[in-house]
1. When you scan segment 47-66, do you find a residue that is farther than 20 Å from M297 by Cα, touching a Gly at 6+ places or on another chain (Cβ under 7 Å) and not in a helix (DSSP H, G or I), even just one?
2. Being open to solvent by 30 Å² or more (accessible area, probe 1.4 Å) and among the β-branched types (V, I, T) narrows it down to one of T36, T48, T57, so name that one.
3. Is it the case that some residue within segment 199-215 is closer than 20 Å to T284 by Cβ, assigned to a loop (DSSP other than H, G, I, E, B) and among the charged types (D, E, K, R)?
4. Of the residues K372, K344, K361, K317, which is touching a Leu at 6+ places or on another chain (Cβ under 9 Å) and in contact (Cβ under 8 Å) with a residue 24 or more places away in the chain?
5. Between residues in segment 396-422 that are farther than 23 Å from I201 by Cα and residues that are β-branched (V, I, T) and open to solvent by 70 Å² or more (accessible area, probe 1.4 Å), which pairs lie under 9 Å by C-beta distance while being six or more apart or on different chains?
6. Kindly indicate whether any position in segment 350-359 is open to solvent by 30 Å² or more (accessible area, probe 1.4 Å), of a type outside the set (V, I, T), closer than 21 Å to H296 by Cβ and out of contact with any strand residue (DSSP E or B) (no Cβ under 9 Å at 6 or more places or on another chain).
7. Just give me the residues in segment 370-423 being within 30 Å of G88 (Cβ to Cβ) and aromatic (F, W, Y), in sequence order.
8. Could you please find all residues in segment 122-147 being surrounded by 23 or more Cβ atoms within 10 Å (Cβ to Cβ) and among the polar types (S, T, N, Q)?
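The values are calculated or read from the model by the stated rules, or taken from the named source; none is laboratory data. This structure is a prediction, so every number in the text was calculated from the model and none was measured. Cβ sites come from the backbone with ideal geometry, for glycine too, and all protein chains shown count toward neighbours. Accessible surface is based on the protein model in full, side chains and every heavy atom, while ligands, DNA and RNA are left aside. Shrake-Rupley method; radii C 1.70, N 1.55, O 1.52, S 1.80 Å.
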Amino acid sequence: MSVKHLPNTHYTGLLSTQESHLIGQDLDWLNNLRKTASEEFSGSGFPTFREEEWRYTNISPIENKQFTPSDKAGEVDADFINGVLLEGCHHLIFIDGFYQSELSSIGDLAEGVVVSALSGGLPEHEELVKSLLGSTVETTALGFVHFNTALFTDGAVISIAENTVVEKPIQLAFISSKEATLKLSNTRNLVLAKASSKANIIETYHATDDSCYHTNAITEVVVERNANLSHNRLQAESLNAYHIGGVYSRIENNATFSQYNYTFGASLSRSEIHATLGEASDCTLDGLYVGQNRQHMDNHTRVNHAQPHAISNESYKGVLADHSRGVFQGRIVVAQDAQKTDAKMSNRNLLLSDRAEADTKPQLEIYADDVKCAHGVTVGQLDDTAVFYLRSRGVDEQTAKNMLTFAFANEMIERISFEPLRMVVLDELLKRFPQVGMEKEWL
């Protein structure tokens, strides 16, 4: 049940003071959309832990720190930028939420394919942006979405033409600079895979140092009939940062959508991964979160089976050490007309410390009678028998634990088909776990 509370006046105040910095101010439809979002946010504010959907995550540190939007991009070394760019991709680079055209490299694209920043592409692609913006976010009870809609400063717009395959993945790299301290970055990405197209979109989030800042990033995705879209999201922000991210998608008839979500960074993070499925569509949602120190990582998924014969497979894993806390809330909703639905959801958590915590809450909400739906969750520690087995073969105890921990997490990384991305995600894992004795060369 939604609980009424007073919005934070610092953030409601930004709605009027930041207007001059927003893109598309000459577009009435966009101004009206922002105005409506502003009114919604002014009425509800950010969610609180008193709301059921947010009961495990307290965002009061975000409100208390009173982040303000950046007015320009900070400086980032070329070596750092080169280090986060994936080989073999088209690149759009954003620093502190602002597009950097001189650092980006889009390359040759097939006729009808659009890959552009909103800031530069909005005039040319106004109708495309208008058709996508706000089209996939179903729920109205998302304060961070309203806030983003009211104040987004930039982002990407991508449209894949019908019957077109984009061979190279498209990487959207978001980098926070040292100047981002106590700053707020609101970005919005819009992706359309038209009928019978195929593409791979990769979003990555990075920080140059351990600054404290807030990222509020939303991506809206439409996958038209018979299209095949893969979307990867890597969040490797500063360990002192706050990251609220969402991917909201609509999958039309006979389309395929694969979404992979990898969370390593931020002091507090929340991912909203939502998908609405059309008839005979196929949706995969996979995720891995790896926490240490006092990190708090919340993953919230929602799969709406709106039409019959659709398939969804969802698998999330968490590795939690020290005082870290992982949250998984997954909901599968099967509409009355969605007969012959086949839905599976799994969440498995490995605790490496007695002080680590995992909260998991899978939910099935079924209104049809001819369906196959299942979910399973586990929370546990390393198997002593497996550790003993390795030790009996000459492996020391710490290395044995490291090997088992790595194997647990690596199952999710192995699902990444694009080699450069898989290596980067693997590096992020090895930075954290296992802590000692694992060498990339012998994996």
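1. Within segment 47-66, not a single residue is farther than 20 Å from M297 by Cα, touching a Gly at 6+ places or on another chain (Cβ under 7 Å) and not in a helix (DSSP H, G or I).
2. T36
3. no
4. Working: K372 fails: touching a Leu at 6+ places or on another chain (Cβ under 9 Å); K344 fails: touching a Leu at 6+ places or on another chain (Cβ under 9 Å); K361 fails: touching a Leu at 6+ places or on another chain (Cβ under 9 Å).
None of the others qualify; the one that does is K317.
5. Once the first residue is farther than 23 Å from I201 by Cα and sits in segment 396-422, its partners that are β-branched (V, I, T) and open to solvent by 70 Å² or more (accessible area, probe 1.4 Å) give Q398/V436; T399/V436; N402/V436.
6. yes
7. Hits for segment 370-423 are F406, F408, F418.
8. none
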